[in-house]
1. Given a cut-off of 19 Å, name the pairs among K64/K231; K192/K263; K133/K208 whose C-alpha atoms lie farther apart than that in the structure shown.
2. Between L248, L225, N138, whose Cα lies farthest towards the positive end of the dipole of the chain when Lys and Arg beta carbons carry +1 and Asp and Glu beta carbons carry -1, centred on the Cα centre?
3. Please identify, among A250, A108, A151, the residue showing maximal mean-square fluctuation in a Gaussian network model of the chain using a 10 angstrom Cα cutoff.
4. With each run of n ≥ 4 DSSP H residues scored as -39500 (n - 2.57), what mean residue ellipticity at 222 nm is computed for the chain after dividing by its residue count and rounding to the nearest 500 deg cm²/dmol?
5. Using +1 on the beta carbon of Lys and Arg, -1 on that of Asp and Glu, and nothing else charged, what's the dipole of the chain about the Cα centre, debye to 20?
6. How do M11, M244, M148, M130 rank by accessible surface area computed with a 1.4 Å probe, from largest to smallest?
7. Can you tell me how much longer the chain between A230 and V8 gets when fully stretched, taken as 0.36 nm per residue apart minus their C-alpha distance, in nm with one decimal?
8. Among [x] 36; [y] 40; [z] 55, which one is percent of Cα pairs over 27 Å apart computed from these coordinates?
Amino acid sequence: MEKHDHNVSLMLHTFMIIVAVTMLVPFIWMILTSFKTVSEAMQVDPFIIWPSEWKIDAFVNVMKEMNFLVLYSNTLLMIFFRILCAVLTATLAGYAFARLNFKGKNIAFAIVLLQMMVPVQIFLIPQYLMVSKLGMLNSTFALVFPGMVSAFGTFLLRQAYMGLPKELEEAAKLDGCNIGQTFLFVMAPLTKSAMVALGIFTALFAFKDLMWPMIVNTHKNELVLSTALAKMQGQFATDYPELMAASLLACVPMIIIYVAFQKHFIEGIATSGGKL
C-alpha cells in the first residue's frame, strides 16, 4: 500500500514538474531572444536556441526609443486605482450579498454573475461613449473606468464573508455595534487575505488589458506598457530581440508585486472558496 502511494505521489510530482517547465518555456525563450541578434532570432535552419554572444543592444535601443518611466508611471497608476476601486466596491457589495437580507438580493446577485459570463467586448462601445461624453479620453480616469466595479471581486468577497461564522456578528451586536461598525471593525479585517488576492487578480487583469487602453488612450504620453509593446509589432517586419527586451522590462513590476504579496495571494485563494 505504501509503495503504491509512493508511486502515485511520484507520478503526480513528475506531472506537475513537466507542467511547470512547459509554462516556463515561453518566459525563458523571451529572455534568450532578447540577447540575440535579429538574424539569430529569425533563423530557422538551423534553429538557434542559445545566442552565440550575449548582447545587450536590444535593451539599450528600447531604453532610448521608449520612455519607460512614463510607461511604468501610467501602468502603475492604472493598476493602483483599479485595485483601490475594485477592492472598495467589492468589499461593500460582497458583505451586503453575504450577510444582509434585502428585497431583490438574489436577482441583483444573479445580474452580477451574468456580467461574469458575458464577454467584456460587449461593454466596449457603451463604456467608450460614457468616457467620451465625460471628456475624459486620453486620461488615467479612462484607463481606470472599466475596472471601477468588479463582478468577479464581488463574487470572491461574498464567498469570503460567507465563510465567517455568524457568532461574530451576534457578538458585535451584543457589544452595541451597528451594521457599519460590525462591517468595518469586525468582518472586513477578517477578509484581508481575500482582498489582497482580489488586488493581485485586478493588477494582473489591468496589466494584461490591451484592447481598452488602445481605444481610449492614443496619445504617446498616456500609453501603458501593453499598448506600447503592441505598437512595436510591425506589419511586415519586427525586431524580435527589441520586442522581447521590452517585454522583459515590462514584466518587472508584476514580478515584484507577485513576490511581495505571494503569501497573501495563496492564502486568499485558499480561504475564499467558501460556500455558494
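1. Result: K133/K208 exceed 19 Å.
2. In the chain, that residue is N138.
3. A108
4. -21500 deg cm²/dmol
5. The dipole of the chain has a size of about 920 debye.
6. M11, M130, M148, M244
7. Roughly 75.5 nm would be gained on extension.
8. Answer label, from the structure shown: [z].
The values are calculated or read from the model by the stated rules, or taken from the named source; none is laboratory data. All values reported here derive from a predicted model rather than from experimental measurement. Please note: Cβ atoms are built from the backbone with ideal geometry, for glycine as well, and neighbour counts cover all protein chains shown. Areas reflect the complete protein model, heavy atoms only, side chains present, ligands, DNA and RNA absent. Shrake-Rupley method; radii C 1.70, N 1.55, O 1.52, S 1.80 Å.
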